[in-house]
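Asks: Input: one structure, supplied below.
Every number here is computed from the coordinates shown, using simple stated rules; none is lab data. Note that the structure is a prediction, hence the values are computed from the model and not measured. Virtual Cβ from ideal backbone geometry, glycine too; neighbours counted across all protein chains shown.
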Amino acid sequence: MTIQEWFDKRKEAQIERRARDMKGIEIETPELWTKCVHCGAQMLKTDLEENMFVCPHCDYHFRINATERIKQLFDESSFEEMFKNVLPTDPLNFVDTEPYAERLKKAHAKTGLDEAVITGIGKIEGHKIAAAVMDFDYMGGSMGSVVGEKVTRIMEEALKQKLPMLAVTSSGGARMQESALSLMQMAKTSCAAGRLDEAGILYINLLTEPTFGGITASFGTLGDIIIAEQGARIGFAGRRVIEQTIRQKLPEDFQTAEYLLKFGQVDIVSKRKNLRKTLANILDMHGV
Amino acid sequence: MTQVLDFEKPIVEIQKKIDELKKMSEESGMDLNSQIEDFEKQAQDYKKELYSKLKPSQKLQIARHPERPKFLDYVDLICEDFIELHGDREGMDDRAIIGGLAKLDGKPVMIIGIQKGKNTKENLEYNFGMPQPQGYRKALRLFKHANKFNMPIVTIIDTPGAYPGIKAEETGQGAAIAMNLREMSKLNVPIVSIITGEGCSGGALGLAVADRVMMLEHAYYTVISPEGCASILWRDASRFADAAEALKITSKDLLEFNIIDEEIKEPLGGAHCDYNETASNMKSAIVNALKELSKKSPETLKNERYNKFRAMGRFVEG
């Protein structure tokens with residue numbers, strides 16, 4: 001154990017102890033505290049953040065946004081965003097209970113992002129890699145024209161620069177408000193993944209909570225290596241749709257990362273704190 | 001007796017009148033021919049008007065008509081010498097996707113389609129046209145066979161979507177579709193796809209990364225079924241007509257967005273009214289497309305296919 005690892009372990013133990021001590025206790029400064037959605041343990045928000053948004057008490061992995069994900073995976077300030085100028089429009093003039101144009105504005109206000117994916121090039125323990133990182137907070141991470149275009153562009157950039165490619169997915173699927181245009185993004189991104197495949201470029205998928213529908217049915221599962229984050233729910237059809245179709249109850253752990261591992265659908269299930277190291281090792285072993 | 005859709009009832013009424021007049025003319029010996037002709041013309045005009053202005057939700061009904069021709073009907077009417085090739089070689093022969101060798105206009109092709117039934121018994125066999133991952137993998141095996149022996153590929157698509165089930169998830173429904181999307185983009189042979197009825201979501205696209213994508217006039221193609229969309233966005237599945245409108249699912253809409261290349265005309269009243277005419281229209285569209293595509297080199301085909309899908313989508317650059 002290196003000294004750094006020893007310090008990390010001690011910090012983790014401290015956070016966990018604090019969380020355990022606080023379980024069920026009334027607190028006076030609620031704005032500083034948060035509760036684990038899984039086990040109910042109280043903890044300081046700063047403690048949760050320091051622990052990579054993983055509950056120190058029960059190991060529940062909170063869903064994180066793209067910015068946090070990039071911070072956790074990439075070497076400090078190594079990530080350079082690209083294609084930020086590709087912006088959404090409302091090609092169908094789609095209106096449901098709310099106009100799509102309004103939903104886009106709200107998503108921007110909520111997340112500060114222009115779309116549901118951040119694309120760019122960064123380094124993971126010194127290994128240069130192209131990446132697309134999805135953000136569930138922006139309209140459920142759904143893929144419309146912009147997500148498809150940015151993912152395709154970064155793959156083409158990886159091809160051009162001969163860089164490995166990483167896609168971190170977190171999405172409910174294709175974006176309904178762009179209908180068939182969204183559907184075609186599945187074809188577009190898969191064709192681009194095909195070019196990476198033909199060129200012998202390493203492509204890695206990191207599936208995170210949640211990854212569904214049009215994403216698992218396109219670039220989300222076309223990687224040479226598929227890693228799923230612990231506890232993430234991953235599937236094609238949603239749980240409710242399946243229940244309604246087959247009219248029977250589904251196993252509790254159905255469509256979790258661990259369940260998919262059991263059925264041979266992913267290569268690796270990893271805890272969040274090990275992801276960076278695992279990715280670096282894989283890149284290292286492929287000499288990229 | 002063909003099932004009558006609600007919006008077709010006025011036509012049935014006029015037809016009844018015509019039949020009554022004919023009967024009266026016969027029984028009484030009166031010459032009512034001019035009146036009958038008049039009514040018949042009215043009926044015809046009304047029909048033409050009606051079918052040229054169908055709402056998306058009405059097209060949905062035609063696309064889902066139980067008597068609409070199914071994949072195997074088209075195989076019968078369009079091809080000769082069909083030899084079905086079964087199975088994914090990994091333990092299953094999904095009946096929702098059927099494929100094999102056939103001759104089209106005298107030349108060998110690989111024809112693969114999603115099969116629906118016309119009654120409950122058939123629908124149970126074909127799982128209502130909802131393929132399992134093993135169906136997509138069987139299709140991929142056949143794509144690769146066609147590629148190896150330099151045969152064009154024709155796919156016929158009519159599905160409410162890939163099957164949402166336990167085993168489908170356990171055996172990688174998403175991954176099976178994704179693999180087809182990727183591998184179709186690499187094939188060296190011409191590919192023509194036709195959406196003949198329902199073209200729902202990834203389950204349809206999984207056979208449709210083609211050089212030419214065509215749609216029958218009253219078919220629909222969408223990212224999600226209008227019912228599914230309504231239940232998510234409107235939180236009310238009964239709003240499906242609104243969703244069908246908003247999703248822009250018709251062949252006219254999709255031509256406009258360059259998502260399909262060609263619309264194939266249906267006989268008046270829809271494909272189920274005249275199988276032969278529908279099949280003949282389809283056949284000439286496929287033959288023409290293949291004639292044109294077969295002149296291209298494999299590299300050109302692949303590049304043009306890539307660029308076609310590459311260009312899809314609408315966005316702005318700030």
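Asks: Put a dot 7 Å past each Cα toward the Cβ at A:ILE25 and A:MET285; how far apart are the dots in nm?
Replies: Modelled inter-label distance: 4.4 nm.
Asks: What residue among B:GLU256, B:GLU122, B:GLU37 has the largest mean-square fluctuation in a Gaussian network model of chain B, using Cα springs under 10 Å?
Replies: B:GLU37
Asks: Then there's this: For a Förster distance of 60 Å, can you work out the FRET efficiency between the beta-carbons of B:ASN150 and A:MET1, rounded to the nearest 0.05? Please list the in-between numbers first.
Replies: Working: r = 61 Å, r/R0 = 1.01.
The computed FRET efficiency comes out at 0.50.
Asks: Okay, moving on. Give me the Kirkwood hydrodynamic radius of segment A:1-62 in Å, from all C-alpha pairs, to one decimal place? Each step should come with its number before you reach the end.
Replies: Numbers: mean 1/r = 0.0847 Å⁻¹.
Every distinct Cα pair counted, the radius reaches 11.8 Å.
Asks: I've got another one for you. Can you give the average number of partner chain beta-carbon atoms within 10 Å of each beta-carbon in peptide B:221-228, as a whole number?
Replies: Working: counts 3, 5, 18, 9, 0, 0, 0, 3.
Per-residue shielding by partner chains comes out at 5.
Asks: Where in chain A is the longest stretch that carries no trypsin sites (Lys or Arg not before Pro) classed as loop by DSSP and with at most 15 other Cβ atoms within 10 Å?
Replies: Numbers: sites that count: A:LYS23, A:LYS84, A:LYS162, A:ARG247, A:LYS249, A:LYS271.
My reading of the result: A:163-246 is the longest stretch.
Asks: Quick check: pseudo-label points 7 Å beyond the Cα along Cα→Cβ at B:ASN258 and B:GLU26, how many nm apart are they?
Replies: Between B:ASN258 and B:GLU26, the simple spin-label model gives 5.8 nm.
Asks: Hey, another quick one. Only sites in a loop by DSSP and with at most 16 other Cβ atoms within 10 Å count here; which trypsin sites (Lys or Arg not before Pro) in segment B:200-296 make the cut? Let's see the in-between values first.
Replies: Details: sites: B:ARG212, B:ARG235, B:ARG239, B:LYS248, B:LYS252, B:LYS265, B:LYS283, B:LYS291, B:LYS295, B:LYS296; in loops: B:ARG235, B:LYS248, B:LYS265, B:LYS295, B:LYS296.
In loop regions of segment B:200-296 (DSSP not H, G, I, E or B), the sparsely surrounded trypsin sites (Lys or Arg not before Pro) are B:ARG235, B:LYS265, B:LYS295, B:LYS296.
Asks: Be a star and scan segment A:118-154 for residues whose amide nitrogen sits under 20 Å from the point 7 Å along the Cα-to-Cβ vector of A:ASN93.
Replies: Answer for this model: A:145.
Asks: By the gyration tensor of its Cα atoms, with a ≥ b ≥ c the square roots of the eigenvalues, what is the shape of segment A:171-288: rounded for a/c under 1.5, prolate for a/b over b/c, or oblate? Please list the in-between numbers first.
Replies: On the way: a/c = 2.42, a/b = 1.22, b/c = 1.98.
Taking the square roots of the gyration eigenvalues as a ≥ b ≥ c, segment A:171-288 is oblate.
Asks: Hey, which of these cross-link pairs are over 26 Å Cα-Cα: A:LYS11/A:LYS128; A:LYS9/A:LYS45; B:LYS41/B:LYS265; B:LYS55/B:LYS265; B:LYS55/B:LYS121?
Replies: Numbers: A:LYS11/A:LYS128 30 Å; A:LYS9/A:LYS45 19 Å; B:LYS41/B:LYS265 22 Å; B:LYS55/B:LYS265 17 Å; B:LYS55/B:LYS121 31 Å.
Exceeds cut-off: A:LYS11/A:LYS128; B:LYS55/B:LYS121.
Asks: Once every DSSP H run of n ≥ 4 in chain A is given -39500 (n - 2.57) and the sum is divided by its residues, what mean residue ellipticity at 222 nm do you get, rounded to the nearest 500 deg cm²/dmol? Show your work: numbers first, answer last.
Replies: Values: 9 runs with 111 residues, N = 288.
Helix contribution divided over all residues of chain A: -12000 deg cm²/dmol.
Asks: How many angstrom lie between the C-alpha centres of segment A:154-197 and segment A:49-79?
Replies: With segment A:154-197 and segment A:49-79 each reduced to a Cα centre, they are spaced 24 Å.
Asks: Enumerate the helices in chain A for which the Kyte-Doolittle hydropathy averages 0.0 or more and the C-alpha atoms extend at least 18 Å along the helix's axis, using complete DSSP H runs. The partial results should precede the final answer.
Replies: On the way: long enough: A:3-22 (29 Å, -1.69); A:145-161 (24 Å, -0.21); A:179-198 (30 Å, 0.12); A:272-285 (20 Å, -0.60).
The answer, listed by residue number, is A:179-198.
Asks: Something else about it: Using the basic label-point model (7 angstrom from Cα toward the beta carbon), what is the A:GLN244 to B:ASP19 distance in nanometres?
Replies: 3.8 nm
Asks: What length, rounded to one decimal in nm, is gained on full extension from A:GLU80 through to A:ALA101, with 0.36 nm per residue of separation minus their alpha-carbon distance?
Replies: Difference between extended and current length: 4.7 nm.
Asks: Peptide A:209-222: average number of partner chain Cβ atoms within 10 Å per residue? Before the final figure, lay out the partial values.
Replies: Working: counts 0, 0, 1, 1, 5, 8, 2, 8, 17, 7, 3, 3, 8, 6.
Mean partner-chain Cβ count within 10 Å for A:209-222: 5.
Asks: Which whole number gives the average, over all residues in B:274-286, of C-beta atoms from other chains lying within 10 Å of the residue C-beta? It would help to have the intermediate numbers written out before the result.
Replies: Details: counts 0, 0, 0, 0, 0, 0, 0, 0, 0, 0, 0, 0, 0.
For this peptide, the per-residue mean of nearby foreign Cβ atoms is 0.
Asks: For chain A, which cysteines have no disulfide-compatible partner, meaning no other cysteine Cβ under 4.7 Å?
Replies: A:CYS191
Asks: Another question, if that's okay. Give the calculated FRET efficiency between B:ILE166 and B:ASP274 to the nearest 0.05, with a Förster radius of 45 Å applied to their Cβ-Cβ distance. Please report the intermediate quantities before stating the final value.
Replies: Details: r = 41 Å, r/R0 = 0.92.
Efficiency, rounded to the nearest 0.05: 0.65.
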